[in-house]
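Read the structure below first, then the notes.
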Amino acid sequence: MPKANRPITLGLCAALSLTAVGCWGRHKAAPPNEDQQPQVTEPETPAQTPASTPTATPTPQPPEPGVGGTGQAVNPPQAAQLIAAEPGSKINLRSQPTTSSSAKGYGLVGDPVMLLRSAEASDGTWYYVKFEQSGAEGWIRGDFINTEGRATPLSPQASQSNTCDGVMEGMAVTAFYDGSGFHMVRFVNLETKNTFDATLSRQGSNNAGKPLYQGTASPPTGGSYPVALTDLSGGNPGSGSQVALDYAGIEGSVACK
């Protein structure tokens with residue numbers, strides 16, 4: 001796989017606030033957050049192995065979606081993923097949609113969950129989630145959830161397209177092309193597995209006659225960033241050819257199959 005066109009500095013990542021996209025855990029840790037790191041007095045029981053009930057009168061669980069209860073049902077349930085500024089963060093799973101309620105355990109950045117209910121509180125939106133692997137359920141505040149989901153299903157055009165693949169600064173990158181040229185780039189955070197796409201459109205050619213494509217990508221952490229692709233094959237991509245990519249100043253190249 002070709003190396004990146006130039007080294008990527010950590011300062012760029014910090015300036016762009018891409019901590020959940022491609023620059024995780026390489027900057028100064030953020031101040032402790034009550035709902036991101038369980039207190040030492042709370043049992044640190046992973047959501048993958050739910051803790052047993054510590055008292056004789058456990059808090060009743062909210063009913064299944066559509067049956068009523070706290071907040072509003074997310075119907076149908078929505079696929080999502082836990083996020084935080086630090087990839088190793090433990091995110092509390094609460095018994096109620098408030099930080100003053102007891103922590104039933106925790107999840108880790110990147111854990112896949114299903115959103116079952118939502119509730120509005122003074123500190124934002126909370127979601128009643130179910131962990132896909134263990135089945136553990138509880139409330140997590142919305143700023144620790146990528147509510148945009150995970151990898152969205154590929155469009156029919158992308159599913160039938162050829163690809164160019166590579167890695168750029170902690171992100172797996174796939175560029176999709178067909179007989180009409182390049183039309184999409186997919187980025188996958190290699191640590192959290194969060195996925196986001198950029199739809200491309202042709203924007204002429206550079207001074208060397210290489211086709212240029214542009215679009216924008218919106219990572220789960222927010223914001224919209226420019227994406228530029230240069231078809232180095234000169235308009236005839238195929239096995240062994242390459243494309244140059246620029247995502248918000250992060251440069252690299254990927255090889256076509």
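The values are calculated or read from the model by the stated rules, or taken from the named source; none is laboratory data. Source: prediction; values computed, not measured. Note that we place each Cβ from the backbone using ideal geometry, even for glycine, and neighbour counts take in every protein chain shown.
Taking the stretch 223-257 as the region of interest, how many residues are modelled with pLDDT of 95 or more and basic (Lys, Arg)?
Number of matching residues: 0.
So which residues in the stretch 202-240 are hydroxyl-bearing (Ser, Thr, Tyr) and either touching a His at 6+ places or on another chain (Cβ under 8 Å) or buried (at least 16 other Cβ atoms within 10 Å of the Cβ) (or both), if there are any at all?
Of the stretch 202-240, the ones hydroxyl-bearing (Ser, Thr, Tyr) are 205, 213, 216, 218, 221, 224-225, 230, 233, 239.
Selection gives Tyr213, Thr221, Tyr225, Thr230, Ser233.
Find the residue count for the stretch 116-138, including only residues that are surrounded by 22 or more Cβ atoms within 10 Å (Cβ to Cβ), of a type outside the set (D, E, K, R) and either without any contact (Cβ under 8 Å) to a residue 12 or more places away in the chain or within 16 Å of Gly71 (Cβ to Cβ) (or both).
Residues that pass the stated criteria total 6.
Kindly evaluate Asp111 against the criterion of being crowded, with 22+ Cβ neighbours inside 10 Å, at pLDDT below 95 and of a type in the set (Asp, Glu).
Details: crowded, with 22+ Cβ neighbours inside 10 Å: yes; at pLDDT below 95: yes; of a type in the set (Asp, Glu): yes.
Criteria met by Asp111.
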